[in-house]
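Structure, as structure tokens:
Values quoted throughout were computed directly from the atomic coordinates according to the rules given, and no laboratory measurement underlies them. Every value quoted in this text rests on a predicted model; they were computed, and no experiment measured them. Note: ideal-geometry Cβ built from the backbone for every residue, glycine included; neighbour counts use all protein chains shown.
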Amino acid sequence: MHEASQRVCISDLGERRKTASSLLKVKKEKSKSSEVRRLQEKVQAHEEMNARRSSEVADASDDFYGRLTRMAILFESLIAVRKRDLALAGIEESE
């Protein structure tokens, strides 16, 4: 009977070793998946930041060209006013 109980204990130890090994594998897989998840989140955050920067640059560029266009329109209207003033001055001088 003593020999039978030793075999049961040895068999039980073997099962526990397998269970511990399985637990270690699961833990490694979880740590790998959490590391992968962390890296994916980091990459996604980086991509979002780059997208925001691109949008800001595009907005700044659009804003610059918008201001430039408004300045050109204002300049053209000033030229038109000057021409009209010169034309009126020319008419007044001839009278």
Karplus 3J(HN,Hα) series, Hz, for the range 73-79 with 6.51 cos²θ - 1.76 cosθ + 1.60 (x for Gly, Pro): 5, 4, 4, 4, 5, 5, 4
Distance in nm between pseudo-label sites at Ile79 and Ile91 (7 Å out along the Cβ direction from Cα): 2.2
Rough spin-label spacing in nm, given labels placed 7 Å along Cα→Cβ, for Arg53 and Glu29: 3.9
